[in-house]
Ligand code: SF4
Ligand code: SF4
């Protein structure tokens, strides 16, 4: 019998019986259900080694990008006393708003923007990954997601468990990230292509990446308190930032809903042990659903990794297509990880080889702007330069 809960198809395994007192139908308790025979998996699941390998590779890549970018900034700040290193355009992955603005510019003008084009190509890569491989950016690539996961695992070790907020608090808090996303989408969609071009060519737009770095370098008391609260929240609650506040994750989650891959549970093979639901960092009721369509599913494959029953749980194509494909549409972890990698490096590689990766800014302009980055103020909508 299928019902809808949280936009998911639920197949209730529990036989419906009549309540003795109320006469209402109710589900039979788990303990009184007939136990299904476990056909144990024989394959060794290595998905979590693969995922952690990807996470830490991307974390190291980001540390390397950040360090090189810092040295590039210091070259200009010291008036050239420190050796020049090339600017790593990959840091523009930290400028998602610039990526959205540039994507709108490309779609409305047909021209690849000359300032922060890498921000746009990285956004396109992450959107493509979200469409084809669920929100895998969050659980396989994002360095903030990796740190967040380290923090909640640390909290789990420290306190024996993580806090699960009650639904009345959890659901509205989850909505916060969509509100933040809505604000950014509204702000970008209300700008014309001309206004986006003018913004990007303003001193603020040119050195938006330096402003971002300086925010963390010279973080004030308020910023430190906010970061402290986020760290504490992340130790206590699984993926606190990602679950409640990250607008990027919200965008990728919405995109993932339209993609073809889903976690699928076979009702016949499943023994109702609920290990999958307990392992899910997004607290999805995997053991009660037939397919996981939720925007919160990050494709981490933790549920698949802990499932003991042969063929009970898998990442795969929808049933209707799966029946006509080899292996019943199942995508093994290596293919999932490889797909994420191919999309990421394919899109970045295309942008690099086509000459679209680096911002076209003469070094003399950076010489002028970078040492005074803290003085560059955000152009306001009423600025004549941003008006058509
Ligand atoms: S449903 Fe499975 S793949 Fe999706 S977030 Fe939960 S554990 Fe990860
Ligand atoms: S882990 Fe989940 S899918 Fe696998 S047997 Fe247990 S309840 Fe069923």
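Some notes on this structure:
- Which of 44, 81 has the fewest Cβ neighbours within 10 Å, and the rest in rising order: 44, 81
- Among 83, 125, 250, residue whose mean-square fluctuation peaks in a GNM of the chain (springs only between Cα atoms under 10 Å): 83
- Highest mobility in the GNM of the chain, judged by mean-square fluctuation with C-alpha springs under 10 Å and restricted to 254, 39, 320, is found for 320.
- Taking only the Cα atoms of region 262-330, the radius of gyration and Dmax are 11.2, 32 Å.
- In degrees, nearest ten, helix 247-257 long axis to first principal axis of the chain (Cα): 50
- Whole-angstrom gap from region 164-208 to region 248-269, using each part's C-alpha centre: 24
- Expressed per residue, the C-alpha convex hull volume of region 242-388 stands at 217 Å³.
- If both residues of a DSSP beta bridge must be in the chain, then about 100% of such bridges are antiparallel.
- Translational diffusion coefficient of region 63-115 (Stokes-Einstein, Kirkwood radius from Cα pairs, 4 °C, 1.567 mPa s): 102 µm²/s.
- As a rough footprinting exposure proxy, the listed residues 343, 127 were ranked by other beta carbons within 10 Å of their own, and the order from fewest upward is 127, 343.
- In degrees, nearest ten, helix 47-77 long axis to first principal axis of the chain (Cα): 10
- Directionally averaged projected area (the chain, Cα convex hull): 23.9 nm².
- Fewest-first sequence of 196, 63 by Cβ atoms within 10 Å of each Cβ: 63, 196
Rule-based calculations on the coordinates, nothing more; no lab input. No experiment lies behind these values; they were computed from the predicted model shown. With ideal geometry, Cβ positions are generated from the backbone for all residues, glycine too; neighbour counts draw on all protein chains shown.
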